[in-house]
Amino acid sequence: MNTDYQDPINSLNMPEMADMTFAMDFLLRAKEGVRNLSIALTETASPDVRALLRNHLMQGIALHQEITELMIRKKWFHPYELNEQYQLDQLSAKNTVMIGQMNLFPDDTSRKGMFDRTPDEHIGGHKA
C-alpha cells in the first residue's frame, strides 16, 4: 500500500466511491424520514395534519424508491443478491478502516521534485 496519501494515484475511483457513500447515506435518511412520518401519522388526531403527513409520507416513499432504483442501476446496492451486497459491504468496511488508519497530516508535505515542470511553465513561466 502506498503511504503517500497526497499522491494523485490514490484518488483513483474516489469520485465513484464518494457518490456511492453519499447515495447510501441519502437512502438511509429517506428511510428514517419515512419511519418518522409513519410514527407521527399514528400520533396525530387532526385531520388536516394527518392529510399533510400522509402527503409527505407518500413523497418520502417515492424518494426512497427513486434512490434505491438509482443505486441498483449503478450497481451500488444489491437488495436481491445478498452475497454480492455482503461483498460490497465488506469492501466498504475495509476502505473505511483503511481511511481511518491513514496519516492524513504527514510531517513532510513537500511535493518538490514530484512534477516534471512548474505549473504554467508552458505559457512562459510563473506569470499566473
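Read the figures in this text as sums done on the coordinates, not as results from a lab. In this text the structure is predicted, and so the values were computed from the model without any measurement. Heads up, the Cβs are rebuilt from the backbone with ideal geometry, glycines too, and the neighbour counts pull from every protein chain shown.
Quick notes on this structure:
- The slack between Ala40 and Gln101, meaning 0.36 nm per residue of separation minus the straight C-alpha distance, is 17.8 nm.
- Gain on full stretching of the segment that runs from Lys75 to Arg50 - 0.36 nm per residue minus C-alpha separation: 5.3 nm
- Of the GluC sites (Glu not before Pro) found in the range 8-87, the ones in coil according to DSSP and having at most 15 other Cβ atoms within 10 Å of their Cβ are Glu81.
- Theoretical gain in end-to-end length, Ala93 to Phe22 [0.36 nm per residue, Cα-Cα removed]: 24.0 nm
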